[in-house]
Amino acid sequence: MSANAGAPSGRSAAGAMAARALPLTPPIVAPSILSADFSRLAEALALPDPARDWVHCDVMDNHFVPNLTFGPLIVAAARRLTPAFLDVHLMIEEPERLVTAFRGAGADQITVHLEACADVGATLAAVRASGARVGLAIKPGTPLDHAEPWMQDLDLLLVMTVEPGFGGQAFMPDMLEKVSAAKAWRESHGAKFLIEVDGGIGETTAKPSRAAGAEVFVAGNSIYGAANPTMALAVIRGAVA
């Protein structure tokens, strides 16, 4: 059976995205389903408000990062369960090989890691050609200037605030300087990308991240690991408002 079985075609996914109103005005909270109970995925996906939140999908391959999570089939299931914006973060080696599969599964945005691409420009071009919004992620140890050659044409720059690979890590406050630098670069170059932070995001870290210039806030354990996930999401929304 194909790895894309049950997923909509790229054409139907593109049509579905065009038919939905996409929330692209910050601030945006993006609950990460990696921290959800997959036996209750429909319930987890009912939490984000499609009119203002994104659903973040953390894809890991046990090569680029030490963890192994899920692939296009789960993204396709999420697409069937929610009309929300699917923000797919590929923490995988050679991500260009799977751009078509994830777009066909329903990804609205595909973010690849600069460090994982043999040819960053070609990979970003493949994402753009698929019809998905284009994101580029950089690890904590990667200087912002390594991403600058491609930043003008991005829809999203993801500044990792933990080392990619596992949920529940402690936020790295020194990454806020990189967020501020990305905002300054965007303003000085007239670019349009959104700035996303991912890792250790909760009420107390979302607020300073917002002040530094972040606009999209990926939160997993702080939402789905909370006693009341609905309240936890509302608290983070309030922190970045």
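Assorted remarks:
- Some residue of the range 114-131 being in a strand (DSSP E or B) and buried (at least 22 other Cβ atoms within 10 Å of the Cβ): no
- Taken together, the criteria place MET160 among residues that are touching a Pro at 6+ places or on another chain (Cβ under 6 Å) and crowded, with 22+ Cβ neighbours inside 10 Å.
- Unique match (being touching a Cys at 6+ places or on another chain (Cβ under 8 Å), closer than 19 Å to PHE193 by Cβ and either in a strand (DSSP E or B) or in contact (Cβ under 8 Å) with a residue 12 or more places away in the chain (or both)) among HIS56, HIS89: HIS89
- Hits in the range 31-76 (condition: surrounded by fewer than 16 Cβ atoms within 10 Å (Cβ to Cβ), farther than 25 Å from THR100 by Cα and either at pLDDT below 95 or under 15 Å from the mean Cα position of the chain (by Cα) (or both)): ARG52
- Each residue in the range 80-105 was checked for being within 15 Å of the chain's Cα centre (by Cα) and among the charged types (D, E, K, R), and 2 of them qualify.
- Positions within the range 159-198 being at pLDDT 95 or above, in contact with a Gly (Cβ under 6 Å, 6 or more places away or on another chain) and of a type outside the set (Val, Ile, Thr), in sequence order: MET160, PHE171, SER180, LYS183
- Which listed residue, of ALA182, ALA137, ALA212, ALA147, is more than 19 Å from LEU233 (Cα to Cα) and touching a His at 6+ places or on another chain (Cβ under 6 Å): ALA137
- Tallying residues that are under 22 Å from GLY165 (Cα atoms), of a type outside the set (A, V, I, L, M) and either in contact (Cβ under 8 Å) with a residue 40 or more places away in the chain or surrounded by 21 or more Cβ atoms within 10 Å (Cβ to Cβ) (or both) within the range 183-214 yields 6.
- Residues satisfying the stated conditions in the range 96-113, i.e. in contact with a helix residue (DSSP H, G or I) (Cβ under 6 Å, 6 or more places away or on another chain) and either part of a strand (DSSP E or B) or farther than 26 Å from PRO23 by Cβ (or both): GLU96, ILE110, VAL112
- Some residue of the range 157-172 being more than 25 Å from THR69 (Cβ to Cβ) and more than 17 Å from the chain's Cα centre (by Cα): no
- Taking the range 166-178 as the range and being within 19 Å of ASP87 (Cα to Cα) and either surrounded by 18 or more Cβ atoms within 10 Å (Cβ to Cβ) or without any contact (Cβ under 8 Å) to a residue 40 or more places away in the chain (or both) as the test, only GLY167 passes.
The values are calculated or read from the model by the stated rules, or taken from the named source; none is laboratory data. As the structure is a prediction and not an experimental result, all values here were calculated from the model. A quick note on method: Cβ atoms are made from the backbone with ideal geometry, for glycine too, and the neighbour counts reach across all protein chains shown.
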